[in-house]
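Below you'll find the structure, written out as structure tokens, and then a few comments.
The values are calculated or read from the model by the stated rules, or taken from the named source; none is laboratory data. Keep in mind that this is a model prediction, so the values were computed, not measured. Every residue, glycine among them, receives a Cβ derived from its backbone with ideal geometry; neighbour counts consider all protein chains shown.
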Amino acid sequence: MLFPFFTAEVKCGKEGLDVADRANTNSMTIALRAVVELYRQAGEVTKVHRETLGFSISHNDGSVRIYGHYPEINGDTTTYHRTAIREFSYADNNAQERDTTYRFVWNVFTIFAPAHLKRLKEVIGCLRDPLSPAANARTPDQTPTTSGDNAVPVTPVKSNPGMFAKPGPPQRHNSATVSQQVEQQRREIMAQFDQLQKTSRQQLQEAKEREDKLQKEAKEREDKLQKEAKEREDKLQKEAKEREDKLLAQLEQLQMTSRQQQQEAKEREDKLMVQLQQQQKEMREQHTQLMKMLTQKMAPAQDTEKM
């Protein structure tokens, strides 16, 4: 007998997710019912009370719903429930949620599944030996059923090779046939699980390579942007230096022109001072001559008066 622990349903449209949820709930209820019955037959049913025994994913082309499924056991009555783990859109956080479902399923198959299968093997070891006379003496009417939930009797069924098998109608088998089927299914489970691990490792390696490639491309783009920014900065600094040199040259030219103009003004001032001094000298000489002439003219007049 196989005990599924993971189901997935894909539907289109928003209302389709509700249909997928109901389909997943039905599938996981059947799966959990088998697990509870196994623990009940082993006398360990309290160990799975409110324990998450399976997961389901419902999704369409844009949204995902992830649930955990667990039983609640109250004596001979068992009810089955689900709890929402995550609901999100692929486009959330700038499409950073694209790998969330992949990582979740990877953890289910690499972390939960081995522990779950180990727990099932341990509880199977607590069952009564099917080869014992007490077990063989049980009549078909005493075939165990799931107490409290009116389920179809849980019996081993032969299924197509695969990880999981759907429940079928009750079948009667002798002890040797049951042991052979259990061993065959165990080998099939291990082979499928090994294949899943191999595929998961390959997918993980591919994801790592894609991540490395994306990181390399991002690093190249960053280096290119930094290079372009450095070139622009150097160009701006060069242009600023050229403008500064040009302004300094113009300032120096203006200072030189100003000094020349000051020198020319000084020379003109000195020339004017010389001319002014020359004019003053000539005016003094003319004044002296005029005074001398007046003196000469006034002398004969005085002599005439005396006479």
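The table for this structure:
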{"item": "Residue count for segment 107-127, restricted to those that are touching a residue at least 24 places away in the same chain (Cβ under 8 Å) and surrounded by 16 or more Cβ atoms within 10 Å (Cβ to Cβ)", "result": "8"}
{"item": "Per-region count, segment 1-29, residues of a type in the set (Val, Ile, Thr), surrounded by 16 or more Cβ atoms within 10 Å (Cβ to Cβ) and either out of contact with any strand residue (DSSP E or B) (no Cβ under 6 Å at 6 or more places or on another chain) or under 19 Å from THR101 (Cα atoms) (or both)", "result": "2"}
{"item": "Output for segment 93-106, where each listed residue is surrounded by 13 or more Cβ atoms within 10 Å (Cβ to Cβ) and in a helix (DSSP H, G or I)", "result": "THR100, THR101, TYR102, PHE104, VAL105, TRP106"}
{"item": "Number of positions in segment 32-67 that are touching a strand residue (DSSP E or B) at 6+ places or on another chain (Cβ under 7 Å) and under 20 Å from LYS11 (Cβ atoms)", "result": "13"}
{"item": "Single residue of GLN192, GLN250 found to be part of a helix (DSSP H, G or I) and under 30 Å from PRO114 (Cα atoms)", "result": "GLN192"}
{"item": "Subset of segment 40-63 (residues that are in contact with a Leu (Cβ under 9 Å, 6 or more places away or on another chain) and under 21 Å from ILE111 (Cβ atoms))", "result": "VAL48, LEU53, GLY54"}
{"item": "Tabulated pairs, segment 63-80, first free of Cβ contacts under 8 Å to residues at least 12 places away in the same chain, second among the β-branched types (Val, Ile, Thr) and surrounded by fewer than 16 Cβ atoms within 10 Å (Cβ to Cβ), C-beta under 8 angstrom, 6+ apart or interchain", "result": "none"}
{"item": "Condition check for ALA34: part of a helix (DSSP H, G or I), among the small types (Gly, Ala, Ser) and under 20 Å from LYS121 (Cβ atoms)", "result": "yes"}
{"item": "Residue in segment 46-58 that is part of a helix (DSSP H, G or I), closer than 30 Å to GLU206 by Cα, hydrophobic (A, V, I, L, M, F, W, C) and at pLDDT 90 or above present", "result": "no"}
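So that you can scan it fast, the table gives a plain yes or no per residue for (1) modelled with pLDDT under 80; (2) farther than 19 Å from ASN107 by Cβ; (3) out of contact with any Asp or Glu (no Cβ under 9 Å at 6 or more places or on another chain); (4) hydroxyl-bearing (Ser, Thr, Tyr):
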| site | (1), (2), (3), (4) |
| --- | --- |
| PRO167 | yes, yes, yes, no |
| GLN171 | yes, yes, yes, no |
| GLU188 | no, yes, yes, no |
| GLN195 | no, no, yes, no |
| LYS198 | no, no, yes, no |
| GLN203 | no, no, yes, no |
| GLU206 | no, no, yes, no |
| ALA218 | no, yes, yes, no |
| ARG221 | no, yes, yes, no |
